[in-house]
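See structure below.
The values are calculated or read from the model by the stated rules, or taken from the named source; none is laboratory data. These figures come from a predicted structure and were not determined experimentally. Cβ placement follows ideal geometry from the backbone for every residue including glycine, while neighbour counts extend to all protein chains displayed. Surface areas here come from the heavy atoms of the whole protein model, side chains and all, with no ligands, DNA or RNA. Shrake-Rupley method; radii C 1.70, N 1.55, O 1.52, S 1.80 Å.
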Amino acid sequence: DAGVTQSPTHLIKTRGQQVTLRCSPKSGHDTVSWYQQALGQGPQFIFQYYEEEERQRGNFPDRFSGHQFPNYSSELNVNALLLGDSALYLCASSWARQETQYFGPGTRLLVL
Amino acid sequence: EDKVVQSPLSLVVHEGDTVTLNCSYEVTNFRSLLWYKQEKKAPTFLFMLTSSGIEKKSGRLSSILDKKELFSILNITATQTGDSAVYLCAVVVSGTYKYIFGTGTRLKVLA
């Protein structure tokens, strides 16, 4: 049973650039959430996608956007990168009616 | 503002010790509380506690939820070096799909 997968594992960008991170949910899951985890901090909720729509958003600027595809996979896009965007980006999947989320290994983004 | 606070921030124990990790929360409308273990990158699910399930146990790990006092504890008995990790607590806010995480407790178990 394939768990949550994310790509790439690591990424280095420069300020002002744009980045796209990808996530495939655990088999049978239809909901995807994205989190940003800075060093030494807990994950911060960015947004959640269900039925290809963003149904909940955390306190992140519009530079952070996403998409969910018909096969439930998802992308996180970040525009106009700032140094402060350097973090581990985690994707978590779940069934729509259950609260237990399963996390992927994350993408570590470094902005120089 | 909804918030989750974990304590202690870090803890060093020896193998065989028992540890208690704390998670307190202030949220507008509580739905459930989840515990995760994060060793390197991906947090792995441990327990979910709700109004209808305020105590959970799995092997050496157990957790309780006190909805009146707004906190949860995670107990680990007979600790092993493999228990070394960051333990995260998250609260789900009712009426939303938002998960609020604490900063985590970093546990190090020495052989």
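Can you find a residue in region A:18-37 that is crowded, with 21+ Cβ neighbours inside 10 Å, more than 30 Å from B:Gln6 (Cα to Cα), modelled with pLDDT of 95 or more and more than 10 Å from chain B (Cβ to nearest Cβ)? Checked region A:18-37: at least one residue is crowded, with 21+ Cβ neighbours inside 10 Å, more than 30 Å from B:Gln6 (Cα to Cα), modelled with pLDDT of 95 or more and more than 10 Å from chain B (Cβ to nearest Cβ). Filtering region A:58-67 to residues that are modelled with pLDDT of 95 or more and either of a type in the set (Ser, Thr, Tyr) or closer than 25 Å to B:Gln38 by Cβ (or both) leaves A:Phe60, A:Phe64, A:Ser65, A:Gly66. Selection of region B:41-78 for residues being touching a residue at least 40 places away in the same chain (Cβ under 8 Å) and surrounded by 20 or more Cβ atoms within 10 Å (Cβ to Cβ) yields B:Pro43, B:Ser72, B:Leu74, B:Ile76.
For region A:59-112, the set of residues classified as in a loop (DSSP other than H, G, I, E, B), more than 13 Å from chain B (Cβ to nearest Cβ), open to solvent by 10 Å² or more (accessible area, probe 1.4 Å) and on the phi < 0 side of the Ramachandran plot consists of A:Pro61, A:Asp62, A:Arg63, A:Phe69, A:Pro70, A:Asn71, A:Ser73, A:Asn79, A:Leu82, A:Ser86, A:Leu112, listed by residue number. Could you grab me the full set of residues in region B:73-111 that are within 14 Å of chain A (Cβ to nearest Cβ) and over 24 Å from A:Ser93 (Cβ atoms)? The answer is B:Thr105, B:Arg106.
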